[in-house]
Amino acid sequence: MNTAIAVIGGTGRVGRIVTRKLLDRGETVRVIGRSTQRARRHLPPRARFFLGDVRDPGSLAVPLRDCSAVVYTVEPGTDTTGPDSPQSTLHSGVLNTLDALLRQDGFGRAQFVLVSQRHVTRPEHPMNAYGRMLDWRLAGENAVRASGLDYTIIRPGWLTDRTELADDGRVHLEQGDRRDGYVALQDVAEACVQALYCPSAKGLTFEMRGGAGNPPGDWEQLFAGLSADESVPARALA
Ligand SMILES: NC(=O)c1ccc[n+]([C@@H]2O[C@H](COP(=O)([O-])OP(=O)(O)OC[C@H]3O[C@@H](n4cnc5c(N)ncnc54)[C@H](OP(=O)(O)O)[C@@H]3O)[C@@H](O)[C@H]2O)c1
């Protein structure tokens with residue numbers, strides 16, 4: 001990439017793997033999060049940490065300035081309302097981030113990779129009992145899809161470490177939000193990174209699940225096997 005990539009939530013489990021992978025590719029990485037202590041503990045020195053909170057638009061302008069891409073992998077609170085609710089992190093936070101990116105003039109549009117979750121289109125799912133988490137995640141997804149930016153939306157199944165998955169290896173990318181399953185954090189992080197480099201990942205929303213078999217060799221081909229959002233009826237996404 002020509003300029004820095006921002007990883008919002010880059011001190012978290014998925015985010016810190018994304019950060020390392022991007023640094024290994026020679027990218028300049030800006031990590032945004034609320035805890036300097038967490039950053040010290042988890043980030044390699046080459047990552048540049050910015051204190052920021054997606055609920056506070058003023059804290060995003062500087063770290064997002066001139067970024068060529070953003071990976072958004074923020075864990076929500078579970079309160080019904082207020083600052084620790086999914087509404088504030090998964091919807092308002094996404095809107096604040098988009099706003100900061102779209103306000104920049106004189107610079108090319110950034111790419112946006114959003115880590116969402118499986119089941120977002122299923123309001124009856126028990127996960128929605130936590131502050132309507134699924135509804136607000138879907139609202140965040142919809143804002144990204146409508147933003148005009150190049151985007152990829154990744155909906156992982158239950159996150160787990162690769163070492164916990166007996167039959168891990170293969171990665172299933174699926175659409176339609178009907179299935180369930182576990183997926184390795186490492187594979188979700190790799191999908192975030194690959195989405196930034198593979199042209200066929202643009203304009204896609206998909207679910208991820210691990211399974212038995214060989215790890216993917218060619219992500220461009222994996223992404224190319226999916227349907228672009230513009231060709232999917234809106235009701236199948238939302
Ligand atoms: N657990 C699952 O099974 C599962 C399944 C599907 C999808 N997901 C989703 O996958 C994503 C990544 O999960 P994870 O396990 O890597 O999460 P995690 O380890 O809890 O990391 C979350 C990151 O978000 C940051 N963050 C939280 N609130 C923030 C705010 N207001 N402003 C800026 N940064 C904030 C945290 O840093 P600070 O706290 O220091 O700010 C941290 O770096 C999350 O969206 C999660 O909900 C999880």
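Odds and ends about this structure:
- Computed over the chain, the ratio Rg/Rh where both radii use C-alpha atoms and Rh is Kirkwood: 0.93
- Near TYR197: Cβ cut-off under 14 Å, other residues only, Lys/Arg at +1 and Asp/Glu at -1. The net charge is -3.
- Residues whose amide H comes within less than 5 Å of that of ALA4, counting only those at least five positions distant or on another chain, are SER68 (H built at 1.01 Å from N in the peptide plane).
- Chain lengthening between ASP167 and ARG38 when straightened (0.36 nm per residue, less Cα-Cα): 43.3 nm
- The residues packed around MET133, meaning those with a beta-carbon under 15 Å from its beta-carbon, carry a net charge of -2 if Lys and Arg are +1 and Asp and Glu are -1.
- Think of the chain as a dipole: +1 on every Lys or Arg Cβ, -1 on every Asp or Glu Cβ, centred on the Cα centre; then among GLN87, MET208, ALA129, GLN87 lies furthest on the positive end.
- Couplings 3J(HN,Hα) of the range 74-91, computed from phi: 9, 7, x, x, 10, 5, 5, 9, x, x, 9, 9, x, 4, 6, 8, 8, 10 Hz, in residue order, whole Hz [Karplus 6.51 cos²θ - 1.76 cosθ + 1.60, θ = phi - 60°; x for Gly and Pro].
- When the alpha carbon gyration tensor of the range 93-190 is reduced to an equivalent ellipsoid, its three semi-axes come out at 27, 18, 11 angstrom, largest first.
- Ellipsoid semi-axes in whole angstrom, largest first, where each is sqrt(5λ) of the Cα gyration tensor of the range 43-85: 23, 13, 10
- Amide H to amide H, with H built 1.01 Å from N, HIS125 comes under 5 Å of no residue 5 or more places away or on another chain.
- A crude spin-label estimate for the pair ALA129 and ASP105, with each label 7 Å from Cα along the Cβ direction, gives 5.0 nm.
- Restricting the calculation to Cα atoms, the range 72-139 yields a radius of gyration followed by a Dmax of 13.4, 45 Å.
- Net charge of Cβ neighbours under 12 Å - reference THR78; Lys, Arg +1; Asp, Glu -1: -2
- The Rg/Rh ratio for the range 1-119, using Cα coordinates for both the radius of gyration and the Kirkwood hydrodynamic radius, is 0.95.
- Taking amide H as placed 1.01 Å from N in the peptide plane, the amide H of GLY10 sits under 5 Å from that of ILE32, each at least 5 places away or on another chain.
- Computing FRET efficiency as 1/(1 + (r/R0)^6) for ASP84 and ALA212, where r is the C-beta to C-beta distance and R0 is 35 Å, gives about 0.35.
Just so you know, all these numbers are worked out from the coordinates, no wet-lab data involved. These figures come from a predicted structure and were not determined experimentally. Neighbour counts run over all protein chains shown; Cβ positions are idealised from the backbone, glycine included.
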